[in-house]
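Structure, as structure tokens:
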Amino acid sequence: MVIDDDPNILDIVKSYLEKNNFAVRTATDGNGALVEVQRFNPNLIILDLNLPGLNGEEVCQRIRKRSNVPILMLTAKTDEVDRIIGLEIGADDYVTKPFSPRELVARVRAILRRVNLQFEEEGPSELVFRDLKIDLVRHQAAKGGQIVELTPSEFRLLIFMARHPGRVYRRSQLLEEVVGSSFEAYDRVIDAHVKNLRKKIEDDPENPCYVLTVWGLGYKFNENALSENSQL
């Protein structure tokens with residue numbers, strides 16, 4: 001689904017996606033977009049942040065309250081802080097305007113491919129760490145028996161590290177896994193996803209026990225968090 005108030009951009013993006021065999025729904029404002037998302041349950045959303053009325057950030061937050069659908073932001077804002085804010089409110093990736101339609105299609109394919117790979121990778125059906133349980137079949141995480149709502153990128157990041165507790169990953173490695181190495185991205189993209197993930201799975205995000213920072217290197221999943229019933 002493509003949400004943008006600029007008819008020219010909407011037509012271009014829709015045309016390129018349809019040429020690549022994607023079925024596309026469109027919306028031109030925030031309120032209409034929320035109705036369409038609930039009605040058609042899209043596999044991925046391309047969302048312009050600069051919408052009239054209900055802006056893109058608010059639309060993203062409302063979608064995240066009820067869905068884990070991948071969200072790719074379109075933004076004319078070139079400041080890094082603005083892009084990071086978009087990721088922190090639940091977007092999975094971003095493309096800045098002006099953009100190449102071919103790159104946008106490639107980015108869409110990369111996101112969907114990563115979502116699909118989560119269900120195809122071999123290994124155990126679940127991972128258990130103390131009060132955190134990751135169900136790889138249902139694509140769910142639960143903390144203390146309560147389902148934790150994660151975005152596709154957050155879930156991908158979680159299982160990538162949790163499959164190898166204690167292994168240190170550089171930000172560039174995590175970017176390649178979550179975003180794709182062929183795209184330009186900043187280290188802070190991963191920092192934003194880690195920050196969001198910690199808010200959802202840690203008792204105290206400022207003093208995490210699962211996703212740990214390895215200063216000067218990157219991040220790791222705490223090997224000391226293994227449960228006696230862990231399946232790795």
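Bear in mind that the values in this text are calculations on the coordinates, not laboratory data. Keep in mind that this is a model prediction, so the values were computed, not measured. Methodologically, a virtual Cβ is constructed for each residue, glycine included, from the backbone with ideal geometry; neighbour enumeration extends over all protein chains shown.
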Whole-number percent relative contact order across segment 2-118, with pairs defined as alpha carbons under 8 Å at least 6 apart: 23
Could you please rank 73, 1, placing first whichever residue has the fewest other Cβ atoms within 10 Å of its Cβ? 1, 73
Would you mind getting me the FRET efficiency between residue 102 and residue 206? Use the beta-carbon distance for r and R0 = 41 Å, nearest 0.05. 0.45
Based on alpha-carbon centroids, what's the gap between segment 129-174 and segment 205-226 in Å, whole number please? 12
Just want the ordering: 95, 108, from fewest to most Cβ atoms lying within 10 Å of their own Cβ. 95, 108
Per-residue ellipticity at 222 nm attributable to helices in the chain (runs of n ≥ 4 DSSP H, -39500 (n - 2.57) apiece, nearest 500 deg cm²/dmol) works out to -13000 deg cm²/dmol
Gain in span if fully extended, residue 214 to residue 140, counting 0.36 nm per residue against the direct Cα distance: 24.0 nm
Any idea how many Lys pairs in the chain come in under 18 angstrom at the alpha carbon, given 8 or more places apart or on separate chains? 16
Expressed as a rounded percentage, what relative contact order does the chain have, with Cα pairs under 8 Å and six or more residues apart? 15
Got a sec to turn the phi values of segment 204-214 into Karplus ³J(HN,Hα) couplings, 6.51 cos²θ - 1.76 cosθ + 1.60 with θ = phi - 60°, whole Hz, x for Gly and Pro? 10, x, 6, 10, x, 10, 9, 8, 9, 8, 10
Taking a temperature of 20 °C and a viscosity of 1.002 mPa s, what whole-number D in µm²/s does Stokes-Einstein yield for the chain with Rh from Kirkwood over alpha carbon pairs? 117
Footprinting proxy, 164, 193, 139: sorted fewest to most Cβ within 10 Å, the residues are 164, 139, 193
